[in-house]
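Working notes, beginning with the structure itself.
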Amino acid sequence: MELENSVRRADAENQAMNPTAPILDYSEEHEFVSANQLDDYYAKEDKADAREEEQRKLTKGKAARTAIQRFYKDQCVFLTGGTGFLGKVLIEKMLRSCGDLDTIFVLVRPKKGKDPHTRMHDMLDDFVFHRAHDENPKGIHKVVPIVGDMEKPGLGISPEDRKMITSKVTIIINSAATVKFDEKLSVAAGINVRGTKSVLQLAKECKHLKALTHVSTAFSQTHVRHIEEKFYEPPMSVEALEAVAQLDDDVVDSILPTLLGNRPNTYCFTKAVAEDAVRKYGEGMPVAILRPSIVISTYDEPVRGWTDSVYGPTGLVVGIGTGVLRTMYMDLDKVADMVPVDLTVNAIIASTYHTAKNFKENQTSDIPIYNYVSGAQSPVTWGEFIESNRRHGTTKPTMKAVWYYGLNPTKSYYMFLFYNFFLHYLPALLIDSFCALTGRKRNMLKFYSKVSKLANILFYFSTQDWRFTDDNVREMWRSLPESDQTVFPFNMAEMSWEYMAETFLLGLRVYLVKDDLSTLPEARKKWNRLYFLHQCLKLATLCVVLYLGYCILNFISWLVLG
């Protein structure tokens, strides 16, 4: 229950405790209030109460179905990437808020010795699905795994399953992607490009297709400073990339910098080519592209602060919160364009509905693109993001912390190298040397190599920013009735980064680091001890520096004076 009180604080469930109606001022200055004023006040209060009650009914599924919910009724959805971070939240939301849909077919491949059915069963037992199970107990039976693989021809789907999909599926959401920025080009091309092409070919065979949404990334076109909601020329054609991906990995690695050109990594490169695949092979179909920026933990639903992904800013904050990451190459004044996963999922669900609603038969162009970003309407800088998480997070430390909080960000790469040596590698070297002398296992240098690799991925995005146009997203939001805006909120203009920060680090502590809230009192004691040691180390370091300075000055004086 403590966990629910701390983390499960969705607006829809708690608005009764946070009334939005104004409170009468009973000070002497407002001692006399006219009857008309009271009637006006109570009328507004009654409207606010009615609106809150309607919101509770809508989010609990006890009100009349919204337009989007009516659209998804009896639909069969085919989903790729369903076992990933974004995919899990998407399935959960559809089960909970679109409970009248018929089936969700999820493409799943065997992994780590588990067959697709076992993987799906284990996934649906995850904590993030508990609320969906409570509100739609029969929903779990609507999730059906389809054995396949994005890298294989025809998605690796059997002829029997393919026949079933093409005869039943009405909605396709392609959210599968390898999000490793340093992935081998052959792998990234296989999943992000060839897989997307195979999804589009499957969609052409679907007899009753109403909409297909391809989830891209806002950073697919980083070579452009102002990214609009339109197609850009790809760095390479789909066919050329498929041919290059067939070459030996060593050959590809040798020419990779030339291939990438002004693209930062294989992820952004292949996602740009994948968009061109959608333009080419999605012609004449009800297709849309949604480009979210960096996707982080949940804002509200189904619980606040949930995540199971360590990529991007999430890994950065975990490293800072555990005292492992002491420095970072970043410009604190640049915009950190991030979007919560639950709001992103709502945008996917809404854009799919919007595409089906607005598609005209025999349409051959104008595939809509939605830049789903925060910087256009609710920007936050890296400095503001880190500071808000420090302010809220240091009161909720983790038992996994190895040292006290102390980040030294810098936008000078040479200063970063200086900090990195003295704050990361030198301490790791000393610890490993001590372990070697005492016969213990040495792993700190290896560990910091992994930390540095993770941090290096963010350098490109933490030292520059882009301007995004999101007019299509705004127009889509304005076109939705109020009931759909309540059930499927994704308006970034209404998002509060302060609200996000309240549970961001707490969510990482509970869901990612797996440190139960019951350990919080002991963790705070440990945190205080680490703070004391941190201050002692700073004092000792200052003394050493002063002593060395004194020695150097004495030596110079001796040389000068003889």
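The values are calculated or read from the model by the stated rules, or taken from the named source; none is laboratory data. As the structure is a prediction and not an experimental result, all values here were calculated from the model. Every residue, glycine among them, receives a Cβ derived from its backbone with ideal geometry; neighbour counts consider all protein chains shown. Each accessible area value is taken on the protein alone, full model and side chains, heavy atoms only, with ligands, DNA and RNA left out. Shrake-Rupley method; radii C 1.70, N 1.55, O 1.52, S 1.80 Å.
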**Message:** So, taking all protein chains as they sit and a 1.4 Å probe, how much accessible area belongs to PHE421, in Å² rounded to tens?
**Reply:** 100 Å²
**Prompt:** What base-10 log of the normalised intensity I(q)/I(0) is obtained for the stretch 92-136 from the Debye formula, alpha carbons as equal point scatterers, at q = 0.14, 0.18, 0.19, 0.26 Å⁻¹?
**Reply:** -0.38, -0.61, -0.66, -0.99
**Item:** DSSP beta bridges in the chain [antiparallel fraction, %, rounded to 5]
**Value:** 5 percent
**Request:** Given a cut-off of 21 Å, name the pairs among LYS114/LYS168; LYS441/LYS525; LYS73/LYS207; LYS396/LYS526; LYS93/LYS207 whose C-alpha atoms lie farther apart than that in the structure shown.
**Result:** LYS114/LYS168; LYS441/LYS525; LYS93/LYS207
**Request:** May I ask which residue of ALA336, ILE294, TYR281 lies farthest towards the positive end of the charge dipole of the stretch 222-365, with charges of +1 (Lys, Arg) and -1 (Asp, Glu) on Cβ and the Cα centre as origin?
**Result:** ALA336
**Request:** Quick one: which residues, 5+ away or cross-chain, put their amide H under 5 Å from the amide H of TYR370? H built at 1.01 Å from N.
**Result:** ILE289, LEU290, ARG291
**Message:** Only four residue types carry charge here, +1 at the Cβ of Lys and Arg and -1 at the Cβ of Asp and Glu. Report the dipole size of the chain about the Cα centre in Debye, rounded to the nearest 20.
**Reply:** 2140 debye
**Request:** Counting only heavy atoms of the protein chains, get the accessible area per residue of the chain (1.4 Å probe) and round it to a whole Å² value.
**Result:** 48 Å²
**Item:** Cβ-defined net charge surrounding THR118, 14 Å radius [Lys, Arg +1; Asp, Glu -1]
**Value:** +1
**Stretchable slack from LEU437 to VAL187, in nm (0.36 nm times residue separation minus alpha-carbon distance)** = 85.8 nm
**Request:** List, largest first, the extents of the alpha carbons of the stretch 88-225 along their principal axes, each in whole Å.
**Result:** 46, 36, 33
**Item:** Simple Cβ-charge dipole of the stretch 324-475, Lys/Arg +1 and Asp/Glu -1, about Cα centre, in debye nearest 20
**Value:** 1080 debye
**Message:** Quick check on my link table: of LYS334/LYS357; LYS180/LYS280; LYS88/LYS197; LYS180/LYS411, which ones sit more than 30 Å apart, alpha carbon to alpha carbon?
**Reply:** LYS334/LYS357
**Request:** Positive end of the charge dipole of the stretch 457-510 (Lys, Arg +1 and Asp, Glu -1 on Cβ, about the Cα centre): tell me which of THR469, PRO489, GLY507 has its Cα farthest that way.
**Result:** GLY507
**Carbon/sulfur fraction of accessible area - the chain, other protein chains in place, 1.4 Å, %** = 56 percent
**Asked** Using just the C-alpha positions of the stretch 484-562 as equal point scatterers, what log10 of I(q)/I(0) does the Debye formula give at each q in 0.24 1/Å?
**Response** -1.08
**Unit charges on C-beta of K, R, D, E only; dipole of the stretch 279-338, Debye** = 180 debye
**Request:** Give me the Debye-computed log₁₀ of I(q)/I(0) at q = 0.06, 0.11, 0.12, 0.13 Å⁻¹ for the chain, equal point scatterers on Cα only, no solvent, two decimals.
**Result:** -0.36, -1.08, -1.25, -1.43
